[in-house]
C-alpha cells in the first residue's frame, strides 16, 4: 500500500490496519529527517494548510504547525477567540472564508463531536480532525500506538490499560480503536462514574481497581481528569481521586515488573501521576511529543497525495 484510501483523517474508526501501518512507516522515515541537522523537506511546498482551532490547545496545535513547517507548507493559524465566530458567524461560513484564500488542507479542533465530519461533506479541502468534542482525536492515538511500537518493537499482543477520565476523553476512544486494529488487548480503568456505560461493548476489559489493572498491563496510558468538560461532580475531590487512582512510585515499585507509562498531556502532577513516575525511565511521555511531530508529518504528507 502506497497511499491512504481516504482524503480526510476524521477518526481512527475510518482507517484499517494497513493504512495505520503505512502512516507508521512514513512517520519512521520523517523521524529520521527530524534528527538531521537540516530538519526540513520540500514535500508540501506550495500547499497551504490552515490550523483552525475552536478550542484551546498548546501541544496539538504546535505539533501540527511544526510538522507543516518541516514539510515546507505555507501555514495559516486561526483562533476562534479572536475571530468573527464571536460575532455569530457559522462554522461553514468561517471555513468557506478561509478556503476562499486558496487553502488546500484544514486541521480542525472543535468542541462539537462530528464537526469535521460535517465539514468534509461540504468542502473540497482535505480535513484532519485534531479533536472533536469527546469523540475522537486520531493523530493522538496514532502517535500513542507508534510510541508503543518504537519502545517495545510491537503493538500486537501487548496489554494496554487506559486509566482515568474515559467518559470525557476523545483520546480514549481513538486509542481503543487504534490498539484493537493493531492487535493489542485493551482495558479501561477508572471510577465507575467516569466510565461510559457502553464501554464494555467496544470489546475492552473493564477494571475499577488500579492495582489489578497495573498488574495486568504491559503499558499504562494515563489520562488527565478533564474538569473543563465535567458539568457535575463525578467524584468527591481531586485528592480522593489521587488516593484511589493516582499512580505513584511506591505503587509502581510494588508490581514486581516494569511497565511503560504514557500520558497524552498536559499532566496534572500529583493527581493522576506523581512527578517521580512521570519523570522516570519507564515513562515515554516526551517520546510521545517527539513522535507526534513525525506522525503528523506523515498524515499531512499522505493526505496531500489525495488532494483533488
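Read the figures in this text as sums done on the coordinates, not as results from a lab. None of the values given here were measured: they were computed from a predicted structure. Neighbour counts run over all protein chains shown; Cβ positions are idealised from the backbone, glycine included.
Some notes on this structure:
- Calculated [θ] (222 nm, deg cm²/dmol) that DSSP helices of n ≥ 4 give over the chain, each run adding -39,500 (n - 2.57): -11500 deg cm²/dmol
- Each residue in 108, 307, 297, 101 was given a count of other beta-carbon atoms within 10 angstrom of its own, and listing them fewest first yields 101, 307, 108, 297.
- Beta bridges from DSSP with both residues in the chain: antiparallel share about 5 percent, rounded to the nearest 5.
- Degrees separating the helix 285-304 axis from the principal Cα axis of the chain, which is the longest one: 30 degrees
- Scattering profile of segment 31-183 at q = 0.12, 0.16, 0.20 Å⁻¹ [log10 I(q)/I(0), Debye over alpha-carbon scatterers]: -0.59, -0.99, -1.30
- Ranking of 198, 244, 301 by count of other Cβ atoms within 10 Å, fewest first: 198, 244, 301
- Proportion of all alpha-carbon pairs of segment 1-83 beyond 20 Å (%): 47 percent
- Max mean-square fluctuation residue, GNM over the chain, Cα-Cα springs under 10 Å, options 252, 106, 225: 252
- Reference-scaled alpha-carbon Rg (2.2 N^0.38 Å with N residues) for segment 1-49: 1.35
- Computed over segment 138-285, relative contact order equals 23 percent, with contacts defined as Cα pairs under 8 Å that lie 6+ residues apart.
- Cα-based helix-to-principal-axis angle, 17-34 vs the chain, degrees rounded to 10: 80 degrees
- Residue order, fewest to most surrounding Cβ atoms within 10 angstrom, among 6, 48: 6, 48
- Where only C-alpha atoms are counted, convex hull volume of segment 138-285 per residue in Å³: 100 Å³
- Between helix 138-152 and the chain: long-axis angle, C-alpha atoms, 0 to 90°, nearest 10: 60 degrees
- Percentage relative contact order, the chain, counting C-alpha pairs under 8 Å, at least six apart: 22 percent
- With N the number of residues in the chain, Rg(Cα) / (2.2 N^0.38 Å) evaluates to 0.99.
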